[in-house]
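Just below is one structure, and these are the notes that go with it.
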């Protein structure tokens, strides 16, 4: 596998360069998949992935512990939200409907209503799922997340990890079985 693709400046301290390499090795493929599905553009996905890494590197501390992945993808989701706001602000003045029944600009129903109760329930459910996934081995958890949440194809995951497709299927089945035991059949 090639070296890290996250570029760091020549005067970057070694610790920062090492953090960049670790982030790149662990999160590049899942972030690219995450952004590619949402933007449809490989270039945008690459740019957004780089921006996530830059935001993490600016913090000068590596996200650690059981919620590192959650933090990385929260940064990624915030980047998408910022991008949508910026695009909306640029388009806001492009067209204004004269029909009084049309929703006002920026309120086109593209963003679902996230009341406080729904946000709290979602956060609790996500935390419970992450705790259950943390009971699995790292590779099993990562493969499950890539397949079920990031919608990567099993053959892509197999290529990424140097496994057979059959092995990826077994990892996914093991994780699914574990979650079914923890939460009951869905």
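Where a number appears in this text, it was derived from the coordinates with a stated rule and is not lab data. Keep in mind that what you see is a predicted model, and the values were worked out from it rather than measured. Ideal geometry is used to build each Cβ from the backbone, glycine not excepted, and the neighbour counts take in all protein chains shown.
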Query raised in the report: Listing 161, 67, 171 from the residue with the fewest other Cβ atoms within 10 Å to the one with the most, what is the order?
Result: 67, 161, 171
Query raised in the report: Once both labels are modelled 7 Å past Cα along the beta-carbon direction, what's the residue 166-residue 71 spacing in nm?
Result: 4.0
Query raised in the report: Tell me, what is the FRET efficiency for residue 41 and residue 130 to the nearest 0.05, using R0 = 41 angstrom and their Cβ-Cβ distance as r?
Result: 0.90
